[in-house]
Amino acid sequence: MMWYFLMSDSFTFGAFLISYGTIRFSQNYWPNPSVVFNTFPGAGHANLPLAFVSLMTFILIMSSVTMVLAVHEGHHGNKQGVVKWLGWTIVGGLCFLSCQAWEWHHLITGAHPVLVDGKIEEWGQSMRHNPWGTRVEGLMHDGHHVTTPGPVAFGGYFFGITGFHGFHVFSGVVINIIMLIMAQTGVFERRGHYLMIEKAGLYWHFVDLVWVFVFLCFYLI
């Protein structure tokens with residue numbers, strides 16, 4: 001049953017990403033990821049393209065490694081090992097969600113000068129506004145380059161797809177917490193197997209794999 005669910009979910013993500021790609025390559029201009037995603041918590045205005053999202057990706061990949069170790073310990077009936085590595089997997093998932101929350105907050109609350117109908121307005125990234133248009137040559141505002149409005153579709157697809165993936169990560173964290181409680185209370189020991197841990201692991205690896213494609217589409221291309 002888990003494989004059927006993962007297959008149907010992969011079709012959903014695939015449809016979203018294909019739709020995004022269709023719109024992305026039909027536009028004459030699209031925001032440069034190295035400009036949009038160039039900040040890092042605590043680094044001020046330092047220009048660090050893709051550094052933060054690379055950290056997010058590393059955290060999620062490492063959580064997949066700890067999930068593999070939890071499944072491995074389950075195969076050997078090691079309750080303490082399962083509890084330990086599941087705990088680290090949950091920590092990794094929560095760290096990823098915290099990073100995503102910071103990224104969203106930074107994009108939404110950012111103030112970027114945009115030339116609109118001959119006037120300079122300060123925009124953050126939202127579903128309706130995109131401040132990442134082309135630069136207006138020779139025009140600066142408070143030390144920042146002024147841009148024209150960018151394609152609105154960028155915000156809708158970015159928040160929609162990364163939010164949908166974030167919901168899957170959150171669901172995975174909840175599932176892993178349930179598995180952790182069941183392991184700690186000896187449910188799997190009484191059953192004589194840790195098959196549910198393996199099923200939870202399949203879901204978690206799927207979530208990690210989907211992120212690779214999201215990372216490729218939004219942050220690299």
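The values are calculated or read from the model by the stated rules, or taken from the named source; none is laboratory data. Please read these numbers as outputs of a predicted model, since none were measured by experiment. We place every Cβ from the backbone using ideal geometry, glycine too, and count neighbours over all the protein chains shown.
Data for the structure
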item	result
Single match in Ser54, Ser10 (criterion: touching a residue at least 24 places away in the same chain (Cβ under 8 Å), of a type in the set (S, T, N, Q) and under 28 Å from Leu94 (Cβ atoms))	Ser10
Where Val152 falls short, out of the listed (1) under 29 Å from His205 (Cα atoms); (2) surrounded by fewer than 18 Cβ atoms within 10 Å (Cβ to Cβ); (3) among the hydrophobic types (A, V, I, L, M, F, W, C)	(1)
Unique residue being at pLDDT below 95 and under 19 Å from Cys217 (Cα atoms) when the list is Phe40, Phe13, Phe96	Phe13
Per-region count, the stretch 79-96, residues among the β-branched types (Val, Ile, Thr) and closer than 11 Å to Gln184 by Cα	2
Per-region count, the stretch 85-137, residues of a type in the set (D, E, K, R), surrounded by 14 or more Cβ atoms within 10 Å (Cβ to Cβ) and farther than 15 Å from Phe37 by Cβ	1
Pick from the stretch 165-221, criterion over 14 Å from Phe13 (Cα atoms) and touching a Ser or Thr at 6+ places or on another chain (Cβ under 7 Å), ranking: surrounded by the fewest Cβ atoms within 10 Å (Cβ to Cβ)	His205
